[in-house]
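One structure below.
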Amino acid sequence: MKELTQRTAIITGASRGIGTYVARALAAEKMNLVLAARSRQNLERVAGGLRASGVKVIAVPTDVTDRKALEALVAAADGEFGGIDVLVNNAGALTVFPYHRIGIEDVEWFVRLNLTSAMILTRLALPGMVARGSGHIVNMSSIAGIWGPPFDEVYGATKAGLIGFTQSLRQEYHGTGISASVICPGYVEEAGTYHEAKQATGIKASALSGRTTPAAVASAVVKAIRSDRPHIIVNTPSVRPLAVLTALSPRFGEWLTRRANGYAPFVKGAPLNLKAGGQMTGLRHSGGGTSD
Ligand SMILES: NC(=O)c1ccc[n+]([C@@H]2O[C@H](COP(=O)([O-])OP(=O)(O)OC[C@H]3O[C@@H](n4cnc5c(N)ncnc54)[C@H](OP(=O)(O)O)[C@@H]3O)[C@@H](O)[C@H]2O)c1
């Protein structure tokens, strides 16, 4: 989609972290924005800042794990702007926990948050895109979707799911004016989950893992939409050659993941769902429904 001005984008997870950078990058393209997340107060703060730059923005408090809320989100975007041109499925959370102790409901809930919500929201947005013969879906995956990290089974599986989902969408809608892209960031500095875990624990992932910034992730989203890129890995140094090597030699990939020890900040990060000696209590219990 070459021209983004006055087109409309929904961004989930736009109340904090990487989503706010994506919102700013799409606002810089003069898109109309529909911001979704649970926290009304945070969403309104982000929306207020963007309106000051002259773009049209609505904030729609939404729990993406709630199907009715997703229907209401699409209806709000249609009602305000007459359709959805771009959908950025960015909302998501980590699930760091020993897998044999994770709560079964937590497994189901995180799959719903990280994967099912994106699939349902895409399903709801597509009929309008098909009718107009134009649209782009961006799914926020992770390098964890390319190599599954330890203590992060649900996260790795859902992020891998987003890669497969995007590939299928691209094949099915090829040539119709509708397309999809998947973005795989590495560890993001300055904002978001890794940054917060590092602040909370003082522990950094090994330099071998590389790093990126939320601004780089946001520019990748814009590039993906404008240039119809299938799959962008956002990391410095580039891990694409390693991805190829890992595909050729899965054992090498396992060794490298252990060496990089990238998951250490999350394992030590008790605030990120890790409750010693018990079931994960999970973000589910701290954040069901919308707030404020
Ligand atoms: N940070 C990294 O290093 C990194 C690396 C690779 C990929 N990613 C991916 O990038 C995306 C954003 O991550 P982040 O680091 O920016 O995370 P974050 O700072 O924790 O922000 C997550 C966003 O998702 C929203 N959210 C969470 N649960 C929700 C729910 N049930 N319904 C609606 N919105 C919900 C949060 O808002 P509310 O709490 O207000 O709902 C917030 O806006 C995620 O998909 C993540 O997996 C991050």
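Please treat every number below as a calculation from the coordinates, not as lab data. As the structure is a prediction and not an experimental result, all values here were calculated from the model. In this analysis, Cβ positions are derived from the backbone assuming ideal geometry, glycine residues included, and neighbour counts consider all displayed protein chains.
Taking the Cβ-Cβ separation of Thr5 and Gln167 as r and a Förster radius of 30 Å, what is the calculated FRET efficiency to the nearest 0.05?
Approximately 0.55, to the nearest 0.05.
Using modelled amide H (1.01 Å from N, peptide plane; none on Pro or chain starts), what sits under 5 Å from the amide H of Ser179, excluding residues fewer than 5 places away?
Gly135, His136, Ile137
What are the radius of gyration and Dmax of region 146-250, computed over its Cα atoms and given in Å?
When restricted to Cα atoms, region 146-250 yields Rg and Dmax of 15.0, 48 Å.
May I ask you to compute the full-extension gain from Ser227 to Glu44, defined as 0.36 nm times their residue separation minus their alpha-carbon distance, rounded to one decimal in nm?
Taking Ser227 through Glu44 to full extension adds about 62.8 nm, to one decimal.
Of Glu189, Glu3, how do they rank once you tally other Cβ atoms within 10 Å and put the fewest first?
Listed from fewest to most nearby Cβ atoms, that is Glu3, Glu189.
When N is the residue count of region 144-205, what does its C-alpha Rg come to as a fraction of 2.2 N^0.38 Å?
1.45
Let me spell out the model: positive unit charges on the Cβ of Lys and Arg, negative unit charges on the Cβ of Asp and Glu, origin at the Cα centre of region 46-164. What dipole size does that give, in debye rounded to 20?
260 debye
To check my understanding: the extent here is largest minus smallest coordinate of the Cα atoms along each principal axis. What are those three numbers for region 1-117, in Å, largest first?
50, 30, 24
Taking amide H positions as placed 1.01 Å from N in the peptide plane, with prolines and chain starts having none, which residues 5 or more places from Thr62, or on another chain, fall under 5 Å of its amide H?
Long-range HN contacts for Thr62: Ala37, Arg38.
Quick one: what does P(r) look like for the chain with 5 Å bins over all Cα pairs, in whole %?
In whole percents, the pair-distance histogram is 1, 6, 12, 17, 19, 18, 13, 8, 4, 1, 0.
What value, in deg cm²/dmol to 500, does the helix sum -39500 (n - 2.57) over DSSP H runs of n ≥ 4 give at 222 nm once divided by the residues of the chain?
Result for the chain, helices only: -14500 deg cm²/dmol.
Taking only C-alpha pairs under 8 Å that are 6+ residues apart, what is the relative contact order of region 8-161 in percent?
With pairs under 8 Å counted, the relative contact order is 23 percent.
Can you tell me, using C-alpha contacts under 8 Å and at least 6 residues apart, the relative contact order of the chain as a whole percent?
Averaging sequence separation for qualifying contacts and normalising by length gives 21 percent for the chain.
Can you compute 3J(HN,Hα) from phi for each residue in region 134-140, using the Karplus curve 6.51 cos²θ - 1.76 cosθ + 1.60 with θ = phi - 60°, rounded to whole Hz and x for Gly and Pro?
6, x, 9, 10, 10, 9, 8
Need the C-alpha centroid separation for region 102-154 versus region 12-39, integer Å.
After rounding, the separation between the Cα centres reads 17 Å.
Translational diffusion coefficient, Stokes-Einstein: compute it for region 82-127 using the Kirkwood radius over C-alpha pairs as Rh, at 10 °C and 1.306 mPa s, and state it as an integer in µm² s⁻¹.
130 µm²/s
Which Rg and Dmax, in Å, describe the Cα atoms of region 204-243?
11.4, 34
Amide H of Arg211 versus every other amide H placed in the peptide plane: which residues, excluding those fewer than 5 positions away on the same chain, fall under 5 Å?
Answer set, sorted by chain and number: Thr236.
Translational D (Stokes-Einstein, µm²/s) of region 60-111 at 25 °C and 0.890 mPa s when Rh comes from the Kirkwood sum over C-alpha pairs?
185 µm²/s
Here is the link list: Lys30/Lys159; Lys30/Lys56; Lys2/Lys223; Lys2/Lys30. Which ones come out longer than 20 Å on Cα distance?
Lys30/Lys159
Ranking His231, His100 by Cβ neighbours within 10 Å, fewest first, what do you get?
Result, fewest neighbours first: His100, His231.
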